[in-house]
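Report on the structure given below.
The values are calculated or read from the model by the stated rules, or taken from the named source; none is laboratory data. Just so it is clear, the structure is predicted and the values come from calculations on it, not from any experiment. Cβ sites come from the backbone with ideal geometry, for glycine too, and all protein chains shown count toward neighbours. Ligands, DNA and RNA are excluded from the accessible area calculation, which covers all protein heavy atoms including side chains. Shrake-Rupley method; radii C 1.70, N 1.55, O 1.52, S 1.80 Å.
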Amino acid sequence: PLKEGLTEVFNGEREKTIVAVGRLETQKNYGLLLEAFAAFIQKHPEYMLHIYGKGSLEKELKEKAKAVGVSSNIVWEGFQTDVLSKIGRAGMYVISSDYEGISNAMLEAMAIGLPVVATDCPIGGASMCIQDGVNGLLVPCRDKNALAGALLKLADDRELAQKIGREATKVRESFAEETISNLWIDQAEKALKN
């Protein structure tokens with residue numbers, strides 16, 4: 001569930017930045033993101049990728065960034081507190097996980113109006129929150145070309161990105177703490193009646 005008191009939705013001109021938030025571990029498949037970003041910046045070299053998080057793969061990922069030629073377009077932010085206040089003006093948010101439940105970081109990004117690109121990975125957390133093309137973009141897992149294509153789609157069509165960002169903010173209602181709590185209470189009451 002989303003906590004009350006989230007950062008306000010940003011309504012101005014978005015920066016030419018892509019943000020990713022999460023542990024630098026195998027599950028998050030940042031290697032795929034780096035490869036997709038390398039393809040993306042062939043058309044949009046003005047974009048920067050900001051990666052928030054720490055983890056055991058940090059050194060390996062920095063080496064991969066050099067190998068695919070994107071080092072100068074990446075900012076390794078490390079662990080940060082209050083990430084939401086730092087990413088509100090970003091152009092888009094990306095999650096490239098191989099498997100994931102409902103990502104709180106992704107939900108919070110949606111709640112502040114960021115257009116989101118997410119892998120439609122097992123457990124299905126992203127697909128529970130995102131209606132593809134409406135409030136975010138879903139791409140197949142481990143598909144570098146599809147991920148790069150979705151990033152390009154949002155960068156090339158600012159009107160679509162704005163529309164998706166506006167629709168994404170509706171998770172504030174559907175995933176609010178009170179809404180989720182009431183769903184649990186309803187389920188518990190039904191179980192007790194049976």
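Taking the mean number of other Cβ atoms within 10 Å as a proxy for protection, how do you rank 82-89, 150-157, 94-101 from highest to lowest?
94-101, 150-157, 82-89
Would you mind counting up the charge near Asp120? Only other residues with Cβ under 13 Å from its Cβ, with Lys and Arg at +1 and Asp and Glu at -1.
Spelling it out: positives minus negatives among the neighbours equals -3.
Could you pull out every one of the aspartates and glutamates with an alpha carbon less than 16 Å from that of Lys144, ignoring same-chain neighbours closer than 8 positions?
Those aspartates and glutamates meeting the cut-off are Glu35, Asp98, Asp120.
What distance in nm separates the simple spin-label points at Glu63 and Gln131, each placed 7 Å from Cα in the Cβ direction?
It is 4.6 nm.
Mind checking the dipole of the stretch 40-116: about its Cα centre, +1 per Lys or Arg Cβ, -1 per Asp or Glu Cβ, Debye to the nearest 20? Intermediate values should be presented prior to the final figure.
Values: 8 positive and 9 negative charges, 52 e Å.
It works out to roughly 240 debye.
First compute the accessible area of the chain with a 1.4 Å probe, then give the percent of it belonging to carbon and sulfur atoms.
For the chain, the apolar C and S fraction of the accessible surface comes to 51 percent.
Can you give the translational diffusion coefficient of the chain in µm²/s, computed by Stokes-Einstein from the Kirkwood radius over Cα pairs at 25 °C and 0.890 mPa s?
144
Would you work out the charge dipole size for the chain about its Cα centre, treating the Cβ of every Lys and Arg as +1 and the Cβ of every Asp and Glu as -1, and quote it to the nearest 20 debye? All intermediate terms of the calculation are to be shown ahead of the outcome.
Values: 23 positive and 27 negative charges, 81 e Å.
Here the chain has a charge dipole of around 380 debye.
Pairs to check: Lys16/Lys170; Lys64/Lys163; Lys43/Lys64. Give those whose C-alpha atoms are more than 30 Å from each other in this structure. Walk me through the intermediate numbers first.
Working: Lys16/Lys170 24 Å; Lys64/Lys163 34 Å; Lys43/Lys64 20 Å.
Listed pairs above 30 Å: Lys64/Lys163.
On the full set of protein chains, 1.4 Å probe, figure out the accessible area of Arg166 and give it in Å² to the nearest 10.
In the full protein context, Arg166 sits at about 140 Å².
Pull up all non-local amide H partners of Val19: gap of 5 or more, or a different chain, and H-to-H distance under 5 Å with H placed in the peptide plane.
Excluding prolines and chain starts, which carry no amide H, the hits are His50, Met92, Tyr93, Val94.
Hey, can you rank 29-35, 58-64 by average C-beta count inside 10 Å, highest first? Spell out each step's value before the answer.
Numbers: 29-35: 23.0, 58-64: 14.7.
Top to bottom by mean Cβ count within 10 Å: 29-35, 58-64.
Rounded, prolate or oblate: which fits the stretch 39-86, taking a ≥ b ≥ c as square roots of the Cα gyration tensor eigenvalues, rounded meaning a/c under 1.5, else prolate when a/b beats b/c? Working shown, then result.
Values: a/c = 3.42, a/b = 1.28, b/c = 2.67.
Taking the square roots of the gyration eigenvalues as a ≥ b ≥ c, the stretch 39-86 is oblate.
Select from Gly22, Thr169, Leu107 the residue farthest towards the positive end of the dipole of the chain; place +1 on Cβ of Lys and Arg, -1 on Cβ of Asp and Glu, and compute about the Cα centre.
Going by the charge dipole, the pick is Gly22.
Would you mind estimating how fast the stretch 17-109 diffuses translationally, via Stokes-Einstein at 10 °C and 1.306 mPa s with the Kirkwood radius over Cα pairs, in µm²/s?
119
Regarding the stretch 63-163, what whole-number volume in Å³ per residue does the convex hull of its Cα atoms give?
Roughly 116 Å³ of hull volume per residue.
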